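Remarks on the structure that follows.
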Amino acid sequence: MKIKYILFFLFGVVLLTPSFAQLRGFVRGVNLSDTLALNGAKIKLLQAKKATFSDSEGKFELYLGKRFPDTLVILSAGYRPDTILLSEKDRFGAISIVLFSDQLQPEVLVERKAGNGTLKISIAQVERISNGELRRAACCNLSESFETNASVDVNLTDAVSGARKIQLLGLDGVYTQFQLENVPFLRGLETAFGMQSFSGIWLDGIQISKGTGSVVNGHESMAGLINLSVKNPFESDRLLVNVYGNRFGRGELNAILSHKINQRWASSLLLNGAINQTVIDENRDGFLDLPQFKNVSALNKWQFNGERMEAQFSVYGYYDDRFAGQSPFSPALFPFHMALTNQHLEATAKTGFFGSHPGESLGIINHVKVHRTGGYFGGNAIGGQRISSGEEKRYYVSINYDRSSTDGKHTLKSGLSTTLLDITQQAGISILQRNELTAGPFAEYSLLLNRLSVQSGVRLDYHSLFGWFFVPRIHAKYALTPKTDLRLTGGKGWRVPNFLIENNSLMASNRFWVLPVEGVLPEISWNVGGSIASEFQLFKRKATLTLDGYYTWFERQLNIDRDISQAAIVFSYIENQSTALACQAELDWVLSKQFSLRGAYKFLSVQSIYDGTMQQQTMIPTHRLLFTTSWTSKNKRLQADLTANIVGPMRMPHNHSATGMAFSPWYPYLFGQVSYQWKHIKAYIGIENILNVKQANPIISAQDPQDPSFDATMVWGPITGINVYGGITYSLKQKKS
């Protein structure tokens, strides 16, 4: 016990001082014949009166001042100078600067915008989905924000509830850590429906990291980490209103109101309301094809930018009410229904203090949340009702200390994080309740050289129920050429499953659950992988090819066996017998300033023990392809997008003879959108599932929900056909100060 207190004391002593932030980037020059990295380009901040020079590969690092906005000036002999206005949002950011030769014509237009794809300067492989990419589809909620991304898959969990889950590296979304601006998000009871309650209109961008993430962010990123960035109150539209509707009766209203109080304080209020009360049963199986729901959510965010500190405060909450199953007008004596409500409230306070030395900062995060869910699957209180409910109270605090060397080559991050959790779950007659404390120190060291960058870190987590966990992780990046980067990663992750609520969609069947005799145990995994990203010319146009592969194996995993019995779903812990291999190739090709293409192929092999045999996990496609294209008019007002997802076969549970198939068929899913922008108004119209692909009988024994073979969880494809939607967005920019 003395060792534990000594470790806590040592890490507490480290967290004492307060940072000037660091900006990293590349400077390249365009001349008459080539594009090359600029060595010795001068980069200076006018207000902060700081300057640096780019190295032989065009790289530079610069510590920002404490006051914003500031002007960045870039100078290099033989090239036209350029200036960029920096805001507080650029703190800890990365930019790519292009200077044009004096010999080029002055009509050349230079445009700087946030793009998509892998962030080149990041040590780990991080993909960015920009705000512009999010607007290429309807994107009304978070679950609809990954449709043009090849790495993240979003699938229906069943044919009743309408719940959606993501998959990353072929693994269920519970193995991916979600964060909302670097604060834990979508954990515990909110995993089933939380994504559908958070508006995609609120987002400024999404960052996706594959494999184990930084130890600073926690121990739960076993497959990857997804960080959501909300629009900055200082830079967001003063007013934004979005109205959406589709042919199935769904209506949605989003609003953002931002106010810049003064140079230091700004606030934004983000609102969302969605409703669908239409009865849709196009396949005439007696069950609603889409759930009826009412959802209201709100986020209030305050931001302070001072000379010695920064702070953010936010409150987020939502109410979601859903009804699904057989029609409300069904004549059945005990109709199969799903009725479920979710109530959520959380508050966050983030404070950061600048130190007396460049590259030094102290950050403190406090986060508290309460979530309640309640409802049922099945008949009514007299016949066949199975309760699904839970309550969660969580408190999280993290203290982070950062210190960089003067030249920016060495960075040390260290700190302590603590989580207090009180959670109760119920599924049918099974009830699980636990109180837990998770706490521990972490430390991470980064080395940045000209071509090689390494980030290594460790955590030592103490769990009040399961003891100590040692979590090592490492990331490395090596620049093979100025335009080709090799990245490698490896590390450990662990989590405590909340398997009753996380799998409540499996209650949309008459199979009973056999739970593990051990109760709740932690899942532990290791992940190794790497990627290579190269930028080159394809028919004299810029293209980027990214190849990556990741392998995950579990020391212990909670296995959900749907093959072992036609009457039961068996939950059990297995050790050293679960693996996942994910390989992906992606090509981005910019044909012109107006037209771009992207194509990707993904292979997934997710193996575990089912019915006593090592085989592919059910409901996961081995092959998946994505093709997407975007065209924009020269005046940037008209935009057209088209995306095709081609989904390969999925293994169906083989002991459920009623499915009539061992594997699902290949199927395409196409959607497109056209939008037009006026001064303050943008109108858009889109079509989803253009080819009208539908799973013929998504519910087994739909005519008799009391039959033991009834099962609505065998969903491999779309349930609804063609969907036409449209909307209007009205926006007013912030007043210039």
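The values are calculated or read from the model by the stated rules, or taken from the named source; none is laboratory data. What you see is a predicted model, and the numbers here were worked out from it, not measured in a lab. Glycine gets a Cβ as well: all are built from the backbone with ideal geometry, and neighbour counts include every protein chain shown.
Among the residues of the stretch 553-596, the ones that are of a type in the set (Lys, Arg) and loosely packed, with under 15 Cβ neighbours inside 10 Å come to 1 in all. Restricting Gln537, Gln557 to those that are out of contact with any helix residue (DSSP H, G or I) (no Cβ under 9 Å at 6 or more places or on another chain), more than 27 Å from Gln177 (Cα to Cα) and of a type in the set (S, T, N, Q) reduces the list to Gln537.
Take the conditions touching a helix residue (DSSP H, G or I) at 6+ places or on another chain (Cβ under 9 Å) and within 30 Å of Asp237 (Cβ to Cβ) and apply them to Thr729. Does it pass? Step through it out loud before you land on a result.
On the way: touching a helix residue (DSSP H, G or I) at 6+ places or on another chain (Cβ under 9 Å): yes; within 30 Å of Asp237 (Cβ to Cβ): yes.
Yes.
No other residue among Thr148, Thr157 is more than 23 Å from Ile275 (Cβ to Cβ), surrounded by fewer than 23 Cβ atoms within 10 Å (Cβ to Cβ) and in contact with a helix residue (DSSP H, G or I) (Cβ under 7 Å, 6 or more places away or on another chain) apart from Thr148. Being assigned to a loop (DSSP other than H, G, I, E, B) and closer than 25 Å to Leu591 by Cα is a condition met by at least one residue of the stretch 626-634. Considering Asn232, Asn242, the condition of being in the same structural domain as Pro497 (by TED's automatic domain parsing), in contact with a helix residue (DSSP H, G or I) (Cβ under 9 Å, 6 or more places away or on another chain) and either part of a strand (DSSP E or B) or at pLDDT 95 or above (or both) is satisfied by Asn242 alone. Return yes when Arg473 is assigned by TED's automatic domain parsing to the domain that holds Val370, under 30 Å from Ala339 (Cα atoms) and of a type in the set (Lys, Arg) and no when it is not. When the stated conditions are applied, Arg473 does not pass them. Can you name the residue in the stretch 687-701 that is closer than 20 Å to Asn504 by Cβ and part of a loop (DSSP other than H, G, I, E, B) and, of all such residues, is nearest to the chain's Cα centre (by Cα)? Among those that are closer than 20 Å to Asn504 by Cβ and part of a loop (DSSP other than H, G, I, E, B), it is Pro698.
Which residue out of Glu220, Glu190 is assigned to a helix (DSSP H, G or I), of a type in the set (Asp, Glu) and modelled with pLDDT under 95?
Values: Glu220 fails: assigned to a helix (DSSP H, G or I).
Result: Glu190 is the single residue among Glu220, Glu190 that is assigned to a helix (DSSP H, G or I), of a type in the set (Asp, Glu) and modelled with pLDDT under 95.
Against the condition modelled with pLDDT of 80 or more, under 30 Å from the mean Cα position of the chain (by Cα) and farther than 20 Å from Ser209 by Cβ, how does Arg128 come out, does it pass? Here the answer is no, as Arg128 does not meet what is asked.
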